[in-house]
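Okay, structure first, notes after.
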Amino acid sequence: MRIILSRSTKEAIDTVSTIMVDRISSRPNMTLGLATGKTMEPVYEDFIAKAREQSLKMDKNFFFMLDEYVGIEEDHPSSFKSYILKRLIKPLDLHESQFAFPPTKLDGDHYETLIKEGGGIDLQLLGIGVNGHIGFNEPGSSINSRTRIVNLTDATKKSNQEHFGSEAMPNQALSMGIGSIMDGKELVMLATGKSKADAIKYLFNHHDDESCPATFLKSHPHFSLFLDPESASKISLKI
Ligand code: GLP
């Protein structure tokens with residue numbers, strides 16, 4: 001694992017969006033795995049600004065979404081499909097056909113086949129949940145897990161409830177598994193803010209621990225963890 005501690009949240013975001021631009025510029029037909037969540041919002045904003053500035057060509061790229069809620073329609077304002085339409089597809093004038101969305105009405109094998117047929121994922125972006133989840137691989141997920149329906153934990157529901165207002169949060173999601181994520185050629189995780197400090201401390205100090213699924217990623221040969229000062233505030237790292 002490579003850990004990159006930035007001097008500020010802005011710098012961490014800039015570093016991750018620069019990696020996206022660099023990888024796409026050097027391999028215009030590469031595939032990207034995309035995460036959602038608040039952490040990624042400024043990354044996508046920054047990426048859009050850079051892509052426009054550099055007239056980045058993206059017509060040959062293909063994108064795989066990491067997960068999706070089960071039990072809401074895909075055009076629900078809080079679905080991850082709506083998230084990425086609003087934050088990446090529309091602003092960059094990309095085509096929906098360049099994106100694969102976890103098919104919540106089918107089983108996970110369909111998505112695994114799609115990823116395989118698409119040549120796998122070259123760069124997988126990841127956030128981390130307050131309980132150490134990746135995608136929606138909640139504590140207890142196995143390192144070999146593949147795309148499947150998962151039950152969301154109370155901690156995750158509490159943290160994501162804000163996206164649903166007074167409406168009840170879905171109890172389930174379809175998520176790429178840890179095994180599916182580990183198949184990605186390069187994994188880039190970003191953690192920002194104080195709320196992630198405990199998960200990052202746990203990740204830093206443990207390996208292959210099902211109670212914090214992110215620890216499995218440490219055995220991936222190309223896993224980079226980008227931190228801002230707040231998310232790194234409970235570990236001893238110096239710039
Ligand atoms: C979400 C997504 C993850 C994301 C994580 C953290 O619900 N399933 O892909 O990384 O939980 O979200 P946030 O960045 O909002 O803290």
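The values are calculated or read from the model by the stated rules, or taken from the named source; none is laboratory data. Keep in mind it's a predicted model, so treat the numbers as computed, not measured. Backbone-built Cβ (ideal geometry, glycine too); neighbour counts: all protein chains shown. Surface accessibility is based on the protein's heavy atoms, side chains included, excluding ligands, DNA and RNA. Shrake-Rupley method; radii C 1.70, N 1.55, O 1.52, S 1.80 Å.
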Checklist entry - Based on the Cβ-Cβ distance from LYS185 to ASP109, what FRET efficiency comes out when R0 is 22 Å, to the nearest 0.05? => result 0.50
Checklist entry - Per the 1.4 Å probe, what fraction of the accessible area of the chain, in percent, lies on carbon and sulfur atoms? => result 50 percent
Item to check | Simple spin-label estimate for SER82 and ASP209 in nanometres, 7 Å along Cα-Cβ | outcome: 3.7 nm
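Does region 50-183 come out rounded, prolate or oblate, given a ≥ b ≥ c as the square roots of the eigenvalues of its C-alpha gyration tensor, rounded meaning a/c under 1.5 and, failing that, prolate meaning a/b above b/c?
Details: a/c = 1.73, a/b = 1.27, b/c = 1.36.
Note, shape of region 50-183 comes out oblate.
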Checklist outcome for this item: Charge tally for neighbours of LEU123 with beta carbon under 13 Å away, counting Lys, Arg as +1 and Asp, Glu as -1, is -1
Checklist entry - Taking a quarter of the surface of the Cα convex hull of the chain, what do you get in nm²? => result 11.8 nm²
Checklist entry - Amide H to amide H under 5 Å from GLN172: which residues, 5+ apart in sequence or cross-chain, H placed 1.01 Å off N in plane? => result VAL70, LEU152
Item to check | Under the Karplus curve 6.51 cos²θ - 1.76 cosθ + 1.60, θ = phi - 60°, whole-Hz ³J(HN,Hα) for region 168-181, x wherever Gly or Pro sits | outcome: 5, 5, x, 8, 9, 8, 9, 10, 4, x, 5, x, 5, 5
Next on the checklist: Heavy atoms of the protein only, probe of 1.4 Å, neighbouring chains included. What is the accessible area of TYR202 in Å², nearest 10?
Outcome noted: 80 Å²
Next on the checklist: Please list GLU45, GLU73 from largest to smallest accessible area, probe radius 1.4 Å, with all protein chains kept in place.
Outcome noted: GLU45, GLU73
Checklist outcome for this item: Any residue on another chain or 5+ positions along whose placed amide H is under 5 Å from the amide H of ALA100 is listed here as PHE63, PHE64, MET65
Checklist entry - Per-residue ellipticity at 222 nm for the chain, helices alone: DSSP H runs ≥ 4 residues times -39500 (n - 2.57), over residue total, nearest 500 deg cm²/dmol? => result -8500 deg cm²/dmol
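If you add up the charges near ASN61, with Lys and Arg at +1 and Asp and Glu at -1, over every other residue whose beta carbon is less than 11 angstrom from its beta carbon, what do you get?
Working: positive: ARG23, ARG27, LYS57, LYS60; negative: ASP59, ASP122.
With Lys, Arg at +1 and Asp, Glu at -1, the net is +2.
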Item to check | region 92-239, accessible area per residue, ligands and nucleic acids excluded (1.4 Å, Å²) | outcome: 45 Å²
Checklist entry - Counting DSSP beta bridges in the chain, what percent are antiparallel, to the nearest 5? => result 30 percent
Checklist outcome for this item: Measure of exposure for ILE143: accessible area at 1.4 Å probe, Å² rounded to 10, is 60 Å²
Checklist outcome for this item: Expected field for THR104, accessible surface area in Å² at 1.4 Å probe radius, rounded to 10, holds 40 Å²
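Largest first, what is the accessible-area ranking of HIS207, HIS222 with a 1.4 Å probe? Can you show the working numbers first?
Details: HIS207 130, HIS222 105 Å².
The ranking, largest first, comes out as HIS207, HIS222.
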Checklist outcome for this item: Put LEU227, LEU56 in order of accessible area, largest first, probe 1.4 Å, and you get LEU56, LEU227
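With r as the distance between the Cβ atoms of PHE164 and LEU237 and R0 = 45 Å, compute the FRET efficiency 1/(1 + (r/R0)^6) and round to 0.05. Mind showing how you got there, number by number?
Details: r = 35 Å, r/R0 = 0.78.
Computed FRET efficiency for LEU237 and PHE164 comes out at 0.80.
Among residues other than LYS218 whose Cβ falls under 11 Å from its Cβ, what is the net charge (Lys/Arg +1, Asp/Glu -1)? Display every interim value, and only then the final one.
Values: positive: ARG2; negative: ASP208, ASP209.
Here the charged neighbours net out to -1.
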Checklist outcome for this item: Here the residues of region 207-223 lying in the modelled label zone of ASN144, meaning backbone nitrogen under 14 Å from a point 7 Å along Cα-to-Cβ, are none
Next on the checklist: Could you check the spin-label model distance between ASP154 and ALA49? Points 7 Å from the Cα along Cα→Cβ, value in nm.
Outcome noted: 4.1 nm
Checklist entry - From the phi of every residue in region 100-107, what ³J(HN,Hα) in whole Hz does the Karplus formula 6.51 cos²θ - 1.76 cosθ + 1.60 yield, where θ is phi - 60° and glycine or proline is x? => result 10, 10, x, x, 5, 9, 10, 8
Checklist entry - Quick one: Karplus J couplings for region 131-139, per residue in order, coefficients 6.51, -1.76, 1.60, θ = phi - 60°, nearest Hz, x for Gly and Pro? => result 9, x, 6, 10, x, 10, 7, 6, x
Item to check | Rounded FRET efficiency, nearest 0.05, which uses the C-beta distance separating LYS201 from GLU117 and R0 of 25 Å | outcome: 0.05
Item to check | Among THR31, THR153, LEU190 - extreme Cα towards positive end, dipole of the chain, charges at beta-carbon | outcome: LEU190
